[in-house]
1. When you look at ALA60, is it under 30 Å from PRO15 (Cβ atoms), part of a helix (DSSP H, G or I) and at pLDDT 95 or above, yes or no?
2. Would you confirm, using the coordinates I've provided, whether ASP80 is assigned to a helix (DSSP H, G or I) and either over 30 Å from ASN12 (Cα atoms) or open to solvent by 100 Å² or more (accessible area, probe 1.4 Å) (or both)?
3. Quick check on ASN68: is it over 16 Å from the mean Cα position of the chain (by Cα) and at pLDDT 95 or above?
4. Just wondering, is there one or more residues in the stretch 30-47 that are in a helix (DSSP H, G or I), among the hydrophobic types (A, V, I, L, M, F, W, C) and without any contact (Cβ under 8 Å) to a residue 12 or more places away in the chain?
5. Assuming ARG22 fulfils every condition listed in (1) over 18 Å from SER6 (Cβ atoms); (2) surrounded by 10 or more Cβ atoms within 10 Å (Cβ to Cβ); (3) out of contact with any Gly (no Cβ under 8 Å at 6 or more places or on another chain) apart from one, which condition is it?
6. Which count do you get for residues in the stretch 25-50 that are surrounded by 15 or more Cβ atoms within 10 Å (Cβ to Cβ) and either hydroxyl-bearing (Ser, Thr, Tyr) or more than 19 Å from ILE4 (Cβ to Cβ) (or both)?
7. Condition (residue is modelled with pLDDT of 95 or more, out of contact with any Lys or Arg (no Cβ under 9 Å at 6 or more places or on another chain), acidic (Asp, Glu) and within 30 Å of PHE8 (Cα to Cα)) applied to the stretch 30-38: is it met by at least one residue?
8. Run down SER19, SER7 and say which single residue is of a type in the set (Gly, Ala, Ser) and in contact with a Ser or Thr (Cβ under 7 Å, 6 or more places away or on another chain).
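The values are calculated or read from the model by the stated rules, or taken from the named source; none is laboratory data. As the structure is a computational prediction, the values presented were derived from the model and not from experiment. Counting neighbours? That spans all protein chains shown, and the Cβs are built from the backbone with ideal geometry, glycine included. Side chains are part of the model used for accessible areas, which takes the heavy atoms of the whole protein and leaves out ligands, DNA and RNA. Shrake-Rupley method; radii C 1.70, N 1.55, O 1.52, S 1.80 Å.
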Amino acid sequence: METIRSSFDLRNKYPEISSLTRESKEPVFITVNGRKDTVIMGHVQYGEMKAELELLKMLAEAQADVDNERTASIENTFLDIHKILKENKSYDV
């Protein structure tokens, strides 16, 4: 269930709302004049959400590569990696 609080509450009861986001691990919707305006979430939850979105973006890009046949065999991939490492003098391959 969504937690909805007014901008008045945000101004006057910030510590309570902040604790609510951390404890419930759910966002709190802030309203202005009865309309949803802002969403507040805990820092940890924001980081998790951002990481999940980045992973989904990478998976979508990988799926697009597969769909468009932009793939290489594992053998060729390892040969390419080996060649790059061999060219870099700091690695002993």
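1. no
2. Yes.
3. yes
4. No, there is no match, as no residue in the stretch 30-47 is in a helix (DSSP H, G or I), among the hydrophobic types (A, V, I, L, M, F, W, C) and without any contact (Cβ under 8 Å) to a residue 12 or more places away in the chain.
5. Every condition holds for ARG22 apart from (3).
6. 1
7. The answer is yes, given that some residue of the stretch 30-38 is modelled with pLDDT of 95 or more, out of contact with any Lys or Arg (no Cβ under 9 Å at 6 or more places or on another chain), acidic (Asp, Glu) and within 30 Å of PHE8 (Cα to Cα).
8. Checking each option against the conditions leaves just SER7.
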